[in-house]
Amino acid sequence: MTNKVISTPSMVVAGMIACTALGNAAIVLEHHYEMGEVGTMSGGVPTDSVGSADFGNAVSGGLQTVSGDTAASGSTAYLTTTQTGNNGAYNAPGMAPSDIQNFAFDIWVRVQSADLNQNKFVFLSNGNNSGSLKLGINASGEWMATNHAVGWIGATTGTGQTATADEWTRLTVIRSNGTSRFYINGVAQDGTNGGNITWSDTTQAHLAIQPGGTSEFKGDIDDMKVWSFSGSDQLSDVENTVFAAVPEPSSTALIGLAGLGFILRRRRA
């Protein structure tokens, strides 16, 4: 299995992230599920390290923590559903963003080659399905995002959004002023959706498990976040803030080289 290696951020990167956060004070990280880090699990379900929207129910003992292996986004642990039986978590009261028209949902996932053709959802915002925000993988091995029974977000049925086996992949939906967009590894996919998304405390968000608990998404999950922002925030500012939260290796390398060049120029002067 190939892991995604995240470079350690330099002081230059940290400073740039801090500046980004200060420049977009209205863009708020409301919920963060670190997925397996010490102190972030309870009874097989993830806890919320920023807010208080802990998952309350486990299916078949919940999700298994894997440590000591390179996880996504620079973390030291992740959760897997590849063990025997249906595994997952549901019911996270208070997880809904404070503004359902202006939010970002962000999660890292990985599937093995044997599990590419699943037609399963990694996350559902509404266990009753209607209007739910859903992210998953289809039967053709393509990532998909949908506003259930309303319309697709990104490509219809996921066509062309091919999943790569054994690699960590970042799936993100940003909903700005009522329009939802789907991103794969920070790249916006074709197509948007303007339908209303249902996500409330009474409809039980599901992680890895399908409604009814009879089947599951098979793979690895890490670092899930929910952001909220104002309708007056520019989409580009939201994208910059959300995706700057975890620099990609290539970006980190480029920024680090730029910082090194600046230091060398100062020394020569």
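A short reminder: the numbers here are calculations on the coordinates, not readings from a lab. Nothing here was measured: the structure is a model prediction, and the numbers come from that model. Cβ atoms come from the backbone with ideal geometry, glycine included; neighbour counts cover every protein chain shown.
Pick out the one residue from Thr146, Thr157 that is on the phi > 0 side of the Ramachandran plot and among the polar types (S, T, N, Q).
That would be Thr157, the only listed residue that is on the phi > 0 side of the Ramachandran plot and among the polar types (S, T, N, Q).
Considering each residue of segment 78-96, count those that are free of Cβ contacts under 8 Å to residues at least 60 places away in the same chain and touching a strand residue (DSSP E or B) at 6+ places or on another chain (Cβ under 9 Å), and give that number.
Looking only at that region, the number is 2.
Quick one: how many residues across segment 66-83 are over 15 Å from Gln112 (Cβ atoms) and not aliphatic (A, V, I, L, M)?
The number of residues fulfilling the criteria is 7.
Would you check which residues across segment 107-120 are assigned to a strand (DSSP E or B) and either surrounded by fewer than 24 Cβ atoms within 10 Å (Cβ to Cβ) or of a type in the set (S, T, N, Q) (or both) and list them?
Ile107, Lys120
So which residues in segment 130-153 are surrounded by 15 or more Cβ atoms within 10 Å (Cβ to Cβ) and either in contact with an Asp or Glu (Cβ under 7 Å, 6 or more places away or on another chain) or touching a residue at least 60 places away in the same chain (Cβ under 8 Å) (or both), if there are any at all?
Correct list: Gly131, Ser132, Leu133, Gly136, Ile137.
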